[in-house]
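A.B. asks: Got a structure here, written out as structure tokens. Questions coming.
The values are calculated or read from the model by the stated rules, or taken from the named source; none is laboratory data. Because the structure is a prediction, the values reported are computed rather than measured. A quick note on method: Cβ atoms are made from the backbone with ideal geometry, for glycine too, and the neighbour counts reach across all protein chains shown. The protein model used for the area step is the full one, side chains on, heavy atoms only, and it has no ligands, DNA or RNA in it. Shrake-Rupley method; radii C 1.70, N 1.55, O 1.52, S 1.80 Å.
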Amino acid sequence: MRSAILALVFTLAGAASLFGDLVHAPASALSPTADGNFALYQKNLLSTAWPRAGLTNDILSSGAAFVTLQEVSDHNLKFMKPLFSAFPSKVICKPFPGSSKSVAVLSTYPMVSGSRTCKGDDLFAAMQVTLPDGTAIWLVSIHLKWPFPFGQPKQTESISAMLAQLDGPLLVGGDFNMVSWGSTIDQIATAARTRLVAGYATTYPLFGPLFPLP
């Protein structure tokens, strides 16, 4: 089994945040940049947020070759149609029809036949794509439930088991509803054979400015 070589990208504590180094990549990021890197755009869309045109344009103008999304509601599918139409390879995974909690992965690169993976109940979407040099890489989107008593531990166990079965390099993005030092993050990173992207942003200050929980 190849060791995974790419990063676990995370959005923290119910977030809709962007990672600057990844989000504001140049348009040339549709192919490897000069230093051999790729851009990944991670976002919790929020199921009924308005407007959507600005966000659609931001994702498209980033030039990201990989996109991981959460809360891909019917509202977002309708009003962000140009985004989803722009990526030839995609998996949109719904827990049930009309769900606002759907997750998705999008890529400019071709999907490996038979790799489409959708586990709606676990809010887990994945596919394997082929890079220009022939390397096959998994792209995974996750949306974890809130921590105990809201089911995050059980969901994490199920997702970790699925990640451990994916053979080859992985890119994992998601809204993990957890601080970066939480055991949930460690468990997922270990199962995926990945490492965390350095640094984080306070995306949802749960207890306000005096004691923000990022």
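A.B. asks: From the phi angles alone, apply the Karplus equation (6.51, -1.76, 1.60; θ = phi - 60°) to the range 65-77 and give each ³J(HN,Hα) in whole Hz, x where the residue is Gly or Pro.
C.D. replies: Per residue, the Karplus-derived 3J(HN,Hα) values read 7, 10, 9, 10, 10, 10, 6, 8, 6, 4, 4, 5, 4 Hz.
A.B. asks: I need the shape label for the range 49-159. Rule: rounded when a/c is under 1.5, else prolate if a/b > b/c, else oblate, with a, b, c from the alpha carbon gyration tensor. Working shown, then result.
C.D. replies: Numbers: a/c = 2.02, a/b = 1.16, b/c = 1.74.
Oblate.
A.B. asks: If you average the sequence gap of Cα pairs under 8 Å that are 6 or more apart and divide by the length of the range 61-214, what percent do you get for the contact order?
C.D. replies: Working: 288 pairs, mean separation 25.5, N = 154.
The value is 17 percent.
A.B. asks: Let me ask something else about it. For the range 87-190, what is the percent of antiparallel DSSP beta bridges, rounded to the nearest 5? The partial results should precede the final answer.
C.D. replies: Numbers: 16 of 22 bridges.
Looking only at bridges with both residues in the range 87-190, the antiparallel portion is about 75 percent.
A.B. asks: Ordering F148, F124 from largest to smallest accessible area (1.4 angstrom probe), what's the sequence? Intermediate results must be reported in sequence, preceding the final value.
C.D. replies: Values: F148 170, F124 0 Å².
The ordering from most to least exposed comes out as F148, F124.
A.B. asks: Also: Need one number: nm distance between label points at A53 and F96, each 7 Å from Cα along Cα→Cβ, rounded to one decimal.
C.D. replies: For the pair A53/F96, the computed spacing is 3.5 nm.
A.B. asks: Rounded, prolate or oblate: which fits the range 100-214, taking a ≥ b ≥ c as square roots of the Cα gyration tensor eigenvalues, rounded meaning a/c under 1.5, else prolate when a/b beats b/c?
C.D. replies: Prolate.
A.B. asks: Considering amide H positions built from the backbone, and no H for Pro or chain starts, which residues 5 or more places from G168, or on another chain, come under 5 Å of its amide H?
C.D. replies: R2
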